[in-house]
Amino acid sequence: MTAQLHGVAIHLTKYSTLGGAFQTRVQPQVLTAPYWVCRNAALARELGLSEDWFRNQEVLETVTGSHVPDGLHPAASVYSGHQFGQWAGQLGDGRALSLGELLTPKDGGIELQLKGAGRTPYSRGGDGRAVLRSSIREFLCSEAMHGLGIATTRALCVTGSDATIYRETAETAAVVTRTSPSFIRFGQFEHFSHNNMHAELKQLADFVIDNFYPKCRESANYAGNPYAALLEAVSLRTAEMVAKWQAVGFCHGVMNTDNMSILGLTLDYGPFQFLDAFNPGHICNHTDSLGRYAYNKQPNVAYWNLFCLGQALLPLIEDQELALAALEPYKTAFPNALMTQMRAKLGFTEPSEAFEGDRALVETIQKLLAQDKVDYTLFWRNLSHVMNGKSVDLLRDMFIDRTSFDAWMLQYSELNNQQIYRLEPYLMLKTNPKYVLRNYLGEQAIAKAKLKDFSEVETLLKLLQAPYDEHVGHERFADLPPDWAADIEISCSS
């Protein structure tokens, strides 16, 4: 079935064809007097939406969940998962509804999902709503990650309402419309496997392979087992994604298996943070009292989650050793992908994989950054400028232990002079961003948005969609965070 929304065809999602075991149709709950908070014109153009699409009242009410066009049947998906390392049983889209799918000439089907449109059968006692602050955070961060070249779901718009929502305090409601080729999670496989619903598990795996990993059917690896090939493919995509997280200093904050995308996309933006002062053990989620999801633990947690996915797929793979073999490539793919990212940050474009000098260079500077609590993003951006002709004092002034920094710079210069590498300083400015979504920037934009001043959100969106550009006149958004930023606490409710 197809619906028309201001001249745009919205189709039922391909996922909905799997049947009632996978999704439950749910009508969103009306929010009174909705209004636009922020709109992503760049993404709208990519999706083939006209410039006036956002000016239409029916569109506003539809993406708020207050109106459902004839022919659409919003639905919430069921899944299960491990949360903070413990089996949590059945979960599901507690506050997310799949609205439908746009067919785009470039990217094929793109699903539209409303987050915060009311209760579903999986709300687990919650109200199914999202608040303004969390919706703005997800809107900005998903676009920031896209601007950084990191695989992610994206956000088309945020709408708000003066309706009161209670979290720690009374807040106002919002709905974020996010997009992705699919929102399928590891937890969906866990759900059907754990409940011995093996026919549905196979149906789900076949759907994912046929729609997103067709080469798994052709692979001769793993004795021609397409489900083992799928596990390997997901592992490789996950390794690439997490390597990019680590390289830009991104902390996800809640890497439960139900928050892991089967497509290797960054999914579910809650208590995330980009590092300010470099601290390998940084915990961005105030709820994570044991530090399970600390920045330096993310690569191992990703593997642990993939192991859970492997267990879920075992009824289809039918051979434990085969499943373990399909997971094995992660152990080399992740460190190789991370070193590729770090070499690029150093400006090296032609490294020898067997050469360890660059690895030692990265390890040394990371220890020094942590020791002197140097701002991570500013260090790499300033290094880029120094290698493009600015004074080294720009960097030296960031360190307390300048003797150690000087020794590191000498080591770096010596590697530059070796024939193993070709240094491309200009490319460093296209690799080390000037702008990331620091928590304090988000907080400032949210404070204004609560007063219905969305100008700061719009400015941040512009900067974060092109984070490597200088954006003259906006330098304050790339400054060191103020002292009060260290006191910001973000929890899962954010």
Exactly one of Leu112, Leu132 is under 22 Å from Ala449 (Cα atoms), of a type in the set (A, V, I, L, M) and in contact with a strand residue (DSSP E or B) (Cβ under 6 Å, 6 or more places away or on another chain), and that one is Leu132
Enumerate the pairs (first residue in the stretch 131-144 and more than 17 Å from Ile488 (Cβ to Cβ) and acidic (Asp, Glu); second residue anywhere and in a strand (DSSP E or B) and open to solvent by 10 Å² or more (accessible area, probe 1.4 Å)) with beta-carbon separation below 9 Å, excluding pairs fewer than 6 apart on the same chain, so at least 6 apart or on different chains. Glu143/Thr152; Glu143/Arg154
What number of residues in the stretch 1-59 are surrounded by 14 or more Cβ atoms within 10 Å (Cβ to Cβ), in a loop (DSSP other than H, G, I, E, B) and touching a Ser or Thr at 6+ places or on another chain (Cβ under 7 Å)? 8
Do the conditions hold for Asp258, that is, is it over 20 Å from the mean Cα position of the chain (by Cα) and of a type in the set (D, E, K, R)? no
Does the stretch 186-207 contain any residue that is open to solvent by less than 10 Å² (accessible area, probe 1.4 Å) and closer than 30 Å to Ser66 by Cα? yes
Which one is farthest from the chain's Cα centre (by Cα) among residues in the stretch 150-181 that are open to solvent by 10 Å² or more (accessible area, probe 1.4 Å) and within 20 Å of Ser235 (Cβ to Cβ)? Pro181
In the stretch 264-277, anything assigned to a loop (DSSP other than H, G, I, E, B) and more than 21 Å from Met241 (Cβ to Cβ) is listed as Asp276
Among the listed residues Gly89, Gly94, identify the single one that is touching a Phe, Trp or Tyr at 6+ places or on another chain (Cβ under 8 Å), open to solvent by less than 20 Å² (accessible area, probe 1.4 Å) and not basic (Lys, Arg). Gly94
Say we look at the stretch 213-235 and pick out the residues that are part of a helix (DSSP H, G or I), touching a Leu at 6+ places or on another chain (Cβ under 8 Å) and at pLDDT 95 or above; which of these is surrounded by the most Cβ atoms within 10 Å (Cβ to Cβ)? Leu231
Does Ser413 meet the test of being in a helix (DSSP H, G or I) and either more than 20 Å from Cys251 (Cα to Cα) or at pLDDT below 95 (or both)? yes
Could you list, in sequence order, all residues of the stretch 359-380 that are outside any helix (DSSP H, G or I) and either open to solvent by less than 70 Å² (accessible area, probe 1.4 Å) or in contact with a helix residue (DSSP H, G or I) (Cβ under 6 Å, 6 or more places away or on another chain) (or both)? Asp372, Val374, Asp375
The stretch 293-312 - residue that is among the hydrophobic types (A, V, I, L, M, F, W, C) and under 20 Å from Phe334 (Cβ atoms) and, of those, surrounded by the most Cβ atoms within 10 Å (Cβ to Cβ): Leu309
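Every residue, every condition in (1) in contact (Cβ under 8 Å) with a residue 40 or more places away in the chain; (2) open to solvent by 60 Å² or more (accessible area, probe 1.4 Å); (3) among the acidic types (Asp, Glu), yes or no:
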position	(1), (2), (3)
Leu451	no, yes, no
Phe454	yes, no, no
Leu460	yes, no, no
Gln465	yes, yes, no
Phe477	yes, no, no
Pro481	yes, no, no
Glu489	yes, yes, yes
Residues that are in contact (Cβ under 8 Å) with a residue 24 or more places away in the chain and either open to solvent by less than 30 Å² (accessible area, probe 1.4 Å) or assigned to a helix (DSSP H, G or I) (or both), drawn from the stretch 381-410: Arg381, Leu383, Ser384, His385, Met387, Phe399, Ser404, Phe405, Trp408
Only one of Thr340, Thr238, Thr332 is surrounded by fewer than 20 Cβ atoms within 10 Å (Cβ to Cβ), in contact (Cβ under 8 Å) with a residue 40 or more places away in the chain and part of a helix (DSSP H, G or I), namely Thr340
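The values are calculated or read from the model by the stated rules, or taken from the named source; none is laboratory data. Owing to the predicted nature of the structure, the values given are computational and were not obtained by experimental measurement. Every residue, glycine among them, receives a Cβ derived from its backbone with ideal geometry; neighbour counts consider all protein chains shown. When the accessible area is computed, the model is the full protein with side chains, heavy atoms only, and any ligands, DNA or RNA have been set aside. Shrake-Rupley method; radii C 1.70, N 1.55, O 1.52, S 1.80 Å.
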